[in-house]
Amino acid sequence: MAFEYIKALHIIFIVTWFAGLFYIVRLFIYQTEALDRPENEKNILKPQLDLMASRLWYIITWPSAVLTLIFGSWVLYYNPGYLSMPFMHAKLAFVLLLYLYHFRCHYIFKSLQNGVAVWNSSKLRLWNEIATLLLFAIVFLIVLKSLINMLWGITGLVLLGITLMLATKWYKKVRERN
């Protein structure tokens with residue numbers, strides 16, 4: 001019975017971690033755009049956005065990333081047989097990429113807290129889609145438990161990535177027209 005509780009907590013913290021990752025990059029976009037506003041607007045927006053980003057990052061996103069790792073490791077401890085399954089190797093590789101993504105977000109966060117925009121808002125919008133692709137990859141691998149089906153999943157991910165990039169470019173054009 002304890003194993004199911006551990007898995008449930010692992011999933012809950014995955015969800016809160018992804019929620020934090022999705023929203024923090026959205027805040028990065030707002031912070032970056034606020035830096036380009038007239039001084040009187042910037043003086044109002046930047047402190048508020050910095051506070052929101054700081055609370056999200058340190059109260060939700062970082063703790064969720066740590067707890068995801070703890071409970072995920074605990075799941076593997078309870079069921080080490082997962083480590084002999086090829087799909088789990090691929091899943092753990094995508095999880096490693098997700099932690100690298102998280103660390104890069106931390107760098108962007110620290111820079112924006114200091115008033116330095118690392119990337120423009122268009123690049124940040126594309127950056128935000130990487131978490132979506134990693135989420136799809138990890139969920140499909142864990143549900144399908146098959147590297148063969150992963151090929152179909154990778155094909156779908158590539159198509160999803162292309163679709164997201166095209167949608168982002170289309171949205172940028174719509175925003176620039178308005």
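Does region 83-95 contain any residue that is among the charged types (D, E, K, R), out of contact with any Ser or Thr (no Cβ under 7 Å at 6 or more places or on another chain) and over 20 Å from Phe71 (Cα atoms)?
Restricting attention to region 83-95, the residues satisfying the condition of being among the charged types (D, E, K, R) are 91.
This time we only want the ones that are out of contact with any Ser or Thr (no Cβ under 7 Å at 6 or more places or on another chain), so: 91.
Those still in the list that are over 20 Å from Phe71 (Cα atoms) too: none.
No, there is no match, as no residue in region 83-95 is among the charged types (D, E, K, R), out of contact with any Ser or Thr (no Cβ under 7 Å at 6 or more places or on another chain) and over 20 Å from Phe71 (Cα atoms).
For the condition within 16 Å of Phe22 (Cβ to Cβ), touching a helix residue (DSSP H, G or I) at 6+ places or on another chain (Cβ under 9 Å) and of a type outside the set (Val, Ile, Thr), what is the one hit in Leu112, Leu144, Leu157, Leu124? Quick ask: steps written out before the conclusion?
Numbers: Leu112 fails: within 16 Å of Phe22 (Cβ to Cβ); Leu144 fails: within 16 Å of Phe22 (Cβ to Cβ); Leu157 fails: within 16 Å of Phe22 (Cβ to Cβ).
Result of the check over Leu112, Leu144, Leu157, Leu124: Leu124.
Taken over region 20-48, residues that are farther than 20 Å from Leu126 by Cβ and either of a type outside the set (Asp, Glu) or crowded, with 18+ Cβ neighbours inside 10 Å (or both) amount to 10. Entry remark, region 49-93: residues being surrounded by 18 or more Cβ atoms within 10 Å (Cβ to Cβ), under 14 Å from the mean Cα position of the chain (by Cα) and touching a residue at least 40 places away in the same chain (Cβ under 8 Å) number 5 in total.
Restrict the check to region 28-40 and report whether at least one residue is among the charged types (D, E, K, R), within 21 Å of Ala137 (Cβ to Cβ), in contact (Cβ under 8 Å) with a residue 40 or more places away in the chain and out of contact with any strand residue (DSSP E or B) (no Cβ under 9 Å at 6 or more places or on another chain). Checking region 28-40: not a single residue is among the charged types (D, E, K, R), within 21 Å of Ala137 (Cβ to Cβ), in contact (Cβ under 8 Å) with a residue 40 or more places away in the chain and out of contact with any strand residue (DSSP E or B) (no Cβ under 9 Å at 6 or more places or on another chain).
Touching a Lys or Arg at 6+ places or on another chain (Cβ under 7 Å), more than 27 Å from Pro47 (Cα to Cα), assigned to a helix (DSSP H, G or I) and modelled with pLDDT under 85 - does that describe any residue in region 154-171? Steps first, answer last, please.
Taking region 154-171 first, the residues touching a Lys or Arg at 6+ places or on another chain (Cβ under 7 Å) are 168.
Then drop every residue that is not more than 27 Å from Pro47 (Cα to Cα), which leaves 168.
Those still in the list that are assigned to a helix (DSSP H, G or I) too: 168.
Next, only the ones that are modelled with pLDDT under 85 stay: 168.
Yes, that holds for at least one residue.
Please determine, by comparing only the residues of region 99-112 that are touching a residue at least 60 places away in the same chain (Cβ under 8 Å) and under 17 Å from the mean Cα position of the chain (by Cα), which one is surrounded by the most Cβ atoms within 10 Å (Cβ to Cβ). Write out each step before concluding.
Of region 99-112, the ones touching a residue at least 60 places away in the same chain (Cβ under 8 Å) are 101-102, 105, 108-109, 112.
After this cut, where a residue has to be under 17 Å from the mean Cα position of the chain (by Cα) as well, the list is 101-102, 105, 108-109.
Working: Tyr101: 17, His102: 19, Cys105: 22, Ile108: 21, Phe109: 24.
Only one residue tops the list, namely Phe109.
Scanning region 1-17 finds no residues that are assigned to a helix (DSSP H, G or I), acidic (Asp, Glu) and either surrounded by 17 or more Cβ atoms within 10 Å (Cβ to Cβ) or touching a residue at least 60 places away in the same chain (Cβ under 8 Å) (or both). Pairs meeting the criteria (first residue in region 118-136 and touching a residue at least 60 places away in the same chain (Cβ under 8 Å), second residue among the polar types (S, T, N, Q) and surrounded by fewer than 17 Cβ atoms within 10 Å (Cβ to Cβ), beta carbons under 7 Å, at least 6 apart or on different chains) are Arg125/Thr168. Of the listed requirements (1) within 21 Å of Leu21 (Cβ to Cβ); (2) in contact with a helix residue (DSSP H, G or I) (Cβ under 9 Å, 6 or more places away or on another chain); (3) not small (Gly, Ala, Ser), Trp152 misses just one: (1).
The values are calculated or read from the model by the stated rules, or taken from the named source; none is laboratory data. This one's a predicted model, so the numbers in the text were calculated from it and none came from an experiment. Glycine also receives a Cβ, built like all others from the backbone with ideal geometry; neighbour counts cover every protein chain displayed.
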